[in-house]
Amino acid sequence: MRQNLSYTEINFSLRVVDYTVNMILPFLPLVALSNVIHWPLTRIANYSGDIVLGAIFPVHERSPVYECGRIQEEGIQQLESLLFTLKKINADSSILPGIKLGILALDSCDSTAYALEQTMDFIKGFIARNNEYLAERQYSCIDGSLPKFRDGMFDRIAGIIGGQSSAVSIQLANLLRLFKVPQISYLSTSPTLSNKHKYDYFFRTVPSDVNQVQAILAVLKEFRWTYVSVVYSDTDYGNKGYEQLLEVGKYFNICFSSPQSINVDHFTDKDYENVIRNLMHKINAKVVVVFSDKQTARNIMSAAKRLNAINRFIWIGSDAWCCRDSVVSDLESVVEGAITVSPLVRQLEGFSEYFTNLTPKNNLVNPWFAEYWEEHFRCKLPDSTNTPFNDKYRHWCPDTKQISVSSGFRQTPTLHFVRDAAYAFAYALHDMHKEKCNGIAGLCPAMRNVDGFQLKKYIEKVNFRDESGKTFRFLPSGDAPPRYSIINFQKLSNNSYVWKPVGTYMLRDDGEASLDLNRNAMRFKSNEHAFPRSYCSEPCKAGQAKLQLEGDTCCWLCTNCSQYQYLPDSYHCEDCRLGTLPNWNKTLCESIPEAYLSYSDPWAIGTMTFAGLGIIVTCFVALVFRVFGNTPIIKAAGRELSYLLLSGILLSFLMTFIIISKPTAFTCGLTKFFLGFCYALNYSAIVTKTNRIARIFKRSRAPKKLKYTSPQSQLVITGFLVSIEALINIVWLVFERPKVEHVYPTREENVLICHGSDNTSYLIGLIYPSILIAFCTAFAFKTRKCPEGFNEARYLTFTNYTTCVIWLAFLPLFVLSTSTAIRVVTLSLLLSLSGSVQLCCLFIPKVYIAVLKPEKNTKENVMCSHHFNRNQKKAANLAQSPSPTRIAFAPPSILVNGGSLLSSFNNSFLFFY
């Protein structure tokens with residue numbers, strides 16, 4: 001080894017040492033201090049005032065390593081916007097005249113635990129204030145003076161502004177309500193906080209996430225994205241948001257697949273990467289709703305970048321991470337094209353000028369501003385405190401630095417909500433001041449201890465103009481009305497990125513919220529403006545059901561429902577009940593219009609025409625019988641029974657109009673009763689008439705006076721016979737009440753009928769009339785040899801035979817037919833044809849003689865003279881016979897109409913037996 005060095009080598013070594021020393025000396029203090037870092041630092045922003053508001057902001061972000069993370073510009077801007085607003089309020093003499101409004105602001109570090117720890121300072125102040133103003137003081141110092149917490153600066157706090165996240169606000173609300181301290185949040189949106197029974201002292205100037213979910217779903221519906229993944233943080237904010245998405249999403253026909261829950265406290269980078277891999281497995285799910293805080297959202301985007309999923313997803317963001325550069329910094333290519341929903345984005349007028357003029361030297365109220373300055377310009381201030389994040393800065397901050405747009409300043413677009421919270425407190429205190437201090441400027445004794453319960457009442461009724469000039473007031477739930485901006489994260493032509501407002505979701509004048517979206521201003525990627533589709537299966541066509549695929553409820557195959565099935569929901573086909581058919585898109589079953597034989601039907605018209613002619617003829621016959629009632633031909637017919645028979649025939653024709661009418665319980669009852677009653681009435685009269693004639697002209701060896709041959713007796717007999725049918729029908733109607741029912745001959749028919757008309761039960765009423773017809777036929781046969789004027793045997797026989805033929809033809813048609821129209825027409829024609837036969841056979845011949853052949857309408861013709869002369873000769877021969885023969889004289893009084901014929905004839909008629 002060489003022991004001696006040359007002069008040149010020594011000189012070079014000295015120069016290296018000198019240069020090294022000169023470089024290290026300026027940073028020796030930093031090196032000395034770097035080993036002693038107390039973190040986090042407890043600081044308070046104190047803006048003094050007569051009445052003080054507490055405030056809590058996320059000045060630092062949450063960190064997995066430290067209790068508080070790096071300082072974030074958003075929290076600084078929120079704090080400064082409150083200071084900016086308070087200065088404007090204090091400068092306005094119309095608000096709280098003579099009273100200065102101050103604040104004490106703390107840092108939450110976006111952490112629930114740390115926020116609660118910081119809030120204890122507020123609680124100690126409340127305890128000290130209550131101790132001062134209570135009648136019985138609970139605490140006192142040794143010298144008898146009242147204890148003060150931090151020199152009493154926390155004793156005058158009237159209310160709290162904050163926090164930002166819902167998790168922090170919920171913890172604060174649970175604590176503050178114990179001391180009846182009103183709280184107004186500027187960005188907490190969890191629906192949980194709308195519970196006024198639990199959070200009765202909580203208010204917020206932003207709408208609830210219930211409305212945010214509606215806005216997100218409106219965007220998804222606008223783009224027809226029906227197959228969507230969702231990632232949510234396992235916090236109250238994330239869980240509530242996810243629950244609302246599922247609950248409301250079903251009404252928008254949106255299916256959320258592959259839900260991923262994020263444990264914000266324990267997830268590692270590997271866990272986040274697994275979340276992205278799970279999302280990538282759903283190939284058709286291009287859209288991902290991220291319902292989380294900003295730090296969780298950034299971790300998700302970072303994992304997507306590491307897995308090169310840059311162009312894979314369309315991110316839909318909730319308000320917690322919307323418009324935050326801290327989320328997208330160095331991740332712009334991943335987030336590009338994201339659509340986020342934010343509480344209404346609006347610039348706070350004058351704030352940008354105010355904020356850009358701030359420096360560490362002129363901003364002494366904000367104790368974190370110097371730290372923010374170092375972070376913003378990435379330099380070191382001479383008198384700053386060491387933090388875990390500024391020890392890497394190797395140069396001093398020059399005095400010429402100034403915050404500007406070129407240095408990266410962007411006004412946070414939600415600062416106006418902080419402004420609204422400050423004004424809500426200010427106007428509520430102003431209203432209280434007017435009432436308690438009678439409008440006298442300054443802080444009167446009644447306002448020195450602001451009662452939280454009373455202040456809450458004033459806040460509930462407060463109203464003022466917001467930043468846009470519209471009236472702001474709290475809803476009964478303590479929430480702000482729905483007002484959202486739709487933001488699209490875009491890449492500009494100069495390769496910079498911007499959160500661009502492209503629409504709104506706001507309350508209309510009619511009280512309904514609606515989406516107003518400018519799709520022309522939106523873009524997915526700089527080289528791909530159109531947004532991809534996000535669906536698993538094409539929507540099924542009308543009349544098709546979804547057959548869900550195993551393993552994914554959002555995907556399906558489409559199957560056709562059968563002709564007579566409908567869709568009670570999207571996944572099942574069910575048969576329509578009888579009498580109904582599915583509508584055109586098979587969403588419901590519609591009733592088939594009732595079918596019945598109406599008066600406009602051709603069959604009905606023909607039947608009614610026939611019945612109408614029968615009615616006219618019947619009335620004409622009755623008129624002839626009335627006009628020619630005293631002539632022999634009419635008298636011989638028996639007027640009383642003839643009129644009764646004409647009534648039955650007329651009723652038979654009239655029943656056509658009842659049978660053909662729309663079935664009702666009333667018309668069905670009439671049909672059941674009079675179907676057999678008409679026959680019973682007609683044939684009871686015919687039976688009585690033929691029986692009377694048969695008995696009168698019956699040969700007998702011992703002539704005797706016949707009973708029950710008078711007109712009155714005949715009517716009584718007829719009435720008795722008819723009453724049997726009436727009794728049968730009444731019993732029938734009692735035990736089987738008339739009603740209507742529907743029958744379905746085919747799947748597409750819905751026929752309204754009378755109950756029982758589709759089977760043989762209606763024929764019950766014809767059993768008794770058939771017996772009467774049999775008797776009529778028998779008596780007609782017996783009277784076949786009577787005088788022609790009395791002998792109606794041929795006509796009665798023809799009538800009965802014809803009736804039987806009609807029954808044999810029509811009754812099988814009625815029984816066997818499946819057509820309701822044919823059944824109804826059959827019943828109608830059955831009655832009409834029977835009535836027509838009776839009318840033609842029993843009445844028309846007599847009408848013909850009475851009207852057209854009056855020369856035959858004499859007593860001789862009626863009594864059939866040729867028969868009479870023959871009988872006379874026979875009587876003379878008998879008179880000459882040696883053996884006496886008994887003769888019988890038939891009194892004419894019993895022959896025709898109870899003696900009416902006697903007045904016309906001078907002699908009696910002799911009959912032999």
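The values are calculated or read from the model by the stated rules, or taken from the named source; none is laboratory data. Computed from a prediction, not measured in an experiment: that's the story for all the values here. Cβ placement follows ideal geometry from the backbone for every residue including glycine, while neighbour counts extend to all protein chains displayed.
The set of residues from segment 538-554 being surrounded by 18 or more Cβ atoms within 10 Å (Cβ to Cβ) and part of a strand (DSSP E or B) comprises GLN544, ALA545, LYS546, CYS554. Applying the condition of being part of a loop (DSSP other than H, G, I, E, B) and basic (Lys, Arg) to segment 389-425 and asking which residue is nearest to ILE51 (Cα to Cα) yields ARG410. Of the listed requirements (1) buried (at least 17 other Cβ atoms within 10 Å of the Cβ); (2) out of contact with any Gly (no Cβ under 7 Å at 6 or more places or on another chain); (3) not assigned by TED's automatic domain parsing to the domain that holds ASP50, LEU507 misses just one: (1). Would you call LYS846 basic (Lys, Arg), over 25 Å from SER598 (Cα atoms), touching a residue at least 24 places away in the same chain (Cβ under 8 Å) and surrounded by fewer than 22 Cβ atoms within 10 Å (Cβ to Cβ)? Considered against the rule, which asks whether it is basic (Lys, Arg), over 25 Å from SER598 (Cα atoms), touching a residue at least 24 places away in the same chain (Cβ under 8 Å) and surrounded by fewer than 22 Cβ atoms within 10 Å (Cβ to Cβ), LYS846 comes out as no.
Among the residues making up segment 426-471, those that are loosely packed, with under 15 Cβ neighbours inside 10 Å and in a strand (DSSP E or B) are ASN463, ARG465, THR471. Picking from residues in segment 472-503 that are crowded, with 19+ Cβ neighbours inside 10 Å and more than 27 Å from ILE310 (Cα to Cα), the one that is farthest from the chain's Cα centre (by Cα) is PHE472.
Let's see how each residue does on (1) surrounded by 17 or more Cβ atoms within 10 Å (Cβ to Cβ); (2) without any contact (Cβ under 8 Å) to a residue 60 or more places away in the chain:
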position	(1), (2)
LEU613	no, yes
CYS619	no, yes
ILE633	yes, no
ARG639	yes, no
SER652	yes, no
PHE657	yes, yes
THR664	no, no
CYS668	yes, no
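THR746 fulfils the conditions (1) farther than 30 Å from GLY579 by Cβ; (2) surrounded by fewer than 13 Cβ atoms within 10 Å (Cβ to Cβ) except for a single criterion, (1). Among the helices (runs of 4 or more DSSP H) confined to segment 255-339, the ones with at least 1 residues that are of a type in the set (Phe, Trp, Tyr) are located at 269-281. The numbered conditions (1) within 38 Å of the chain's Cα centre (by Cα); (2) part of a loop (DSSP other than H, G, I, E, B) are all true for CYS573 except (2).
Those residues that are assigned to a strand (DSSP E or B) and among the polar types (S, T, N, Q), I need them from segment 555-566; list them, please. Those that are assigned to a strand (DSSP E or B) and among the polar types (S, T, N, Q): THR559, ASN560, GLN565. Does PHE154 qualify as being hydrophobic (A, V, I, L, M, F, W, C), modelled with pLDDT under 90, crowded, with 20+ Cβ neighbours inside 10 Å and part of a loop (DSSP other than H, G, I, E, B)? Here the answer is yes, as PHE154 does meet what is asked. Take the conditions (1) on the phi > 0 side of the Ramachandran plot; (2) at pLDDT below 85; (3) not basic (Lys, Arg); GLY543 misses just one of them, which is (2).
If the condition is being free of Cβ contacts under 8 Å to residues at least 40 places away in the same chain, of a type outside the set (A, V, I, L, M, F, W, C) and farther than 23 Å from LEU79 by Cα, then segment 368-404 contributes PRO382, LYS392, TYR393, HIS395, PRO398, ASP399, THR400. Just one of (1) part of a helix (DSSP H, G or I); (2) over 17 Å from ILE339 (Cα atoms); (3) not hydrophobic (A, V, I, L, M, F, W, C) fails for GLN214. It is (2). The numbered conditions (1) part of a loop (DSSP other than H, G, I, E, B); (2) within 29 Å of the chain's Cα centre (by Cα); (3) over 24 Å from TYR458 (Cβ atoms) are all true for GLN164 except (2). Against the test of being assigned to a helix (DSSP H, G or I) and buried (at least 20 other Cβ atoms within 10 Å of the Cβ), the options LEU82, LEU106, LEU116, LEU96 yield a single qualifying residue, LEU82. If the condition is being out of contact with any helix residue (DSSP H, G or I) (no Cβ under 8 Å at 6 or more places or on another chain) and crowded, with 24+ Cβ neighbours inside 10 Å, then segment 177-215 contributes PRO207, ASN211, ALA215.
A single entry from GLY469, GLY408 fulfils the requirement of being out of contact with any Pro (no Cβ under 9 Å at 6 or more places or on another chain) and farther than 21 Å from ILE89 by Cβ: GLY408.
Check segment 222-242 and report whether any residue there is touching a strand residue (DSSP E or B) at 6+ places or on another chain (Cβ under 7 Å), in a strand (DSSP E or B), assigned by TED's automatic domain parsing to the domain that holds GLU512 and small (Gly, Ala, Ser). Yes, because at least one residue in segment 222-242 is touching a strand residue (DSSP E or B) at 6+ places or on another chain (Cβ under 7 Å), in a strand (DSSP E or B), assigned by TED's automatic domain parsing to the domain that holds GLU512 and small (Gly, Ala, Ser).
If I filter segment 773-781 for residues that are at pLDDT below 90, of a type in the set (Phe, Trp, Tyr) and buried (at least 16 other Cβ atoms within 10 Å of the Cβ), do I get at least one hit? Yes: segment 773-781 contains one or more residues that are at pLDDT below 90, of a type in the set (Phe, Trp, Tyr) and buried (at least 16 other Cβ atoms within 10 Å of the Cβ). Being assigned by TED's automatic domain parsing to the domain that holds HIS430, under 19 Å from ALA173 (Cβ atoms) and acidic (Asp, Glu) is a property that holds for ASP121.
For every residue, the table says whether it meets (1) over 22 Å from ASP552 (Cβ atoms); (2) within 37 Å of the chain's Cα centre (by Cα); (3) not aliphatic (A, V, I, L, M).
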| site | (1), (2), (3) |
| --- | --- |
| ASP271 | yes, no, yes |
| ASN278 | no, yes, yes |
| ALA285 | no, yes, no |
| SER292 | yes, yes, yes |
| ALA297 | yes, yes, no |
| LYS305 | yes, no, yes |
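Taking each residue of segment 515-536 that is under 21 Å from PRO501 (Cβ atoms) and looking for partners that are at pLDDT below 90 with beta-carbon atoms closer than 6 Å, six or more apart or interchain, yields ARG523/HIS529.
Number of residues in segment 582-607 that are on the phi < 0 side of the Ramachandran plot and within 22 Å of the chain's Cα centre (by Cα): the value is 9.
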